[in-house]
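To keep things clear, I will list the structure first and then write my remarks on it.
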Amino acid sequence: MEKPTHRVPSIEDLKVILKRHGLKATQQRIAVHRAIMSLGHASADMIAEEIDKENTTKVTPASVYNILSQMSALGIYGRRLSANNKMYFDVNSFSHIHLYDAENNTFKDIIDDELMDIVKARLGRKKFKGYRVEDIDIQIVCRPSKGTRPARRRVL
């Protein structure tokens with residue numbers, strides 16, 4: 001069995017992928033890719049803010065969202081819906097586990113190929129009446145432990 005690649009496409013890789021799909025490597029697409037490479041998991045607003053900080057390319061949050069959605073449809077990025085109904089995009093499109101912090105609405109990747117192989121072997125061939133397993137997506141929902149939470153102020 002071939003081991004998955006845990007590599008985010010470089011800017012040059014992205015240009016090749018876009019060309020293969022008949023798309024141009026515009027300044028906006030490159031800026032979005034640079035920003036998501038820096039952030040990892042991010043919403044369109046977060047990426048637009050990151051691009052704005054760089055002050056090299058002008059792009060609206062709506063355009064960022066459209067670019068992210070297009071890249072996700074091509075399999076370049078993954079997508080995650082948070083509990084606050086905000087769409088987050090994931091620079092890592094390979095199969096992995098997500099740790100979702102429900103208090104802060106953040107995602108962290110857990111890379112455990114052995115566990116993913118076990119889960120896929122067990123559930124991938126399991127029969128669910130009326131359904132066919134298409135993909136396995138593991139998300140562990142958690143909250144920060146007491147030692148890592150910021151202290152809450154008491155109101156008297």
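Hey, got a sec? Which GluC sites (Glu not before Pro) in the range 57-156 land in a DSSP loop and have at most 13 other Cβ atoms within 10 Å? For GluC sites (Glu not before Pro) across the range 57-156 that sit outside H, G, I, E and B with at most 13 neighbouring Cβ atoms in 10 Å, the list reads 103, 134. Within the accessible area of the chain, the carbon and sulfur atoms contribute 51%, probe 1.4 Å, all protein chains present.
Run down the lysines and flag those whose C-alpha is under 30 Å from the C-alpha of residue 126, throwing out any fewer than 8 positions away in its chain. Leaving aside lysines fewer than 8 places away in the same chain, those within reach of residue 126 are 3, 108. Once C-alpha pairs closer than 8 Å and six or more residues apart are averaged by separation and normalised to the residue number of the chain, the relative contact order reads 17 percent. Rounded, prolate or oblate for the range 82-128? Axes are the square roots of the Cα gyration tensor eigenvalues, ordered a ≥ b ≥ c, and the cut-off for rounded is a/c under 1.5. Verdict is prolate for the range 82-128. For the range 96-110, backbone phi angles converted through the Karplus equation (6.51, -1.76, 1.60; θ = phi - 60°) give residue-by-residue couplings of 7, 9, 10, 9, 9, 7, 6, 7, 9, 6, 10, 10, 9, 7, 10 Hz, Gly and Pro being listed as x. Surface analysis of the chain yields an accessible area of 69 Å² per residue, using protein heavy atoms and a 1.4 Å probe.
Just how far, in whole angstrom, is the range 103-117 from the range 23-37 if you go by their alpha carbon centroids? Between the Cα centres of the range 23-37 and the range 103-117 lies a distance of 25 Å.
Once the Cα-Cα distance is subtracted from the 0.36 nm per residue extended length, the residue 141 to residue 113 segment shows a gain of 8.1 nm.
Were the residues from residue 38 through residue 123 laid out at 0.36 nm apart, the gain over their Cα-Cα distance would be 27.2 nm. When the chain is treated as a GNM with alpha-carbon contacts under 10 Å, the residue of 135, 101, 109 showing the greatest mean-square fluctuation is 135. D by Stokes-Einstein for the chain, Kirkwood Rh over Cα pairs, 37 °C, 0.692 mPa s: 186 µm²/s.
Under a Gaussian network description of the chain, with springs only between Cα atoms under 10 Å, the residue in 89, 128, 107 that fluctuates furthest is 128. With a 1.4 Å probe rolled over the protein heavy atoms of all chains, the accessible area of 77, 131 falls in the order 131, 77, largest first. Loop sites by DSSP among the trypsin sites (Lys or Arg not before Pro) of the chain, restricted to those with at most 13 other Cβ atoms within 10 angstrom, leave 87-124 as the longest stretch without any of them. An ellipsoid equivalent to the range 24-109, defined through the eigenvalues of its Cα gyration tensor, has semi-axes of 21, 14, 11 Å when rounded to whole angstrom and sorted largest first.
Summarising the label geometry, the points placed 7 Å from Cα in the beta-carbon direction at residue 104 and residue 7 lie 3.1 nm from one another.
The modelled label-to-label distance for the pair residue 26/residue 58, using points 7 Å beyond Cα in the direction of Cβ, is 1.4 nm.
The values are calculated or read from the model by the stated rules, or taken from the named source; none is laboratory data. Only a predicted model underlies this, so the values are computations on that prediction, with no experimental measurement involved. With ideal geometry, Cβ positions are generated from the backbone for all residues, glycine too; neighbour counts draw on all protein chains shown. Calculation scope for accessible area: heavy atoms of the full protein, side chains included, ligands and nucleic acids excluded. Shrake-Rupley method; radii C 1.70, N 1.55, O 1.52, S 1.80 Å.
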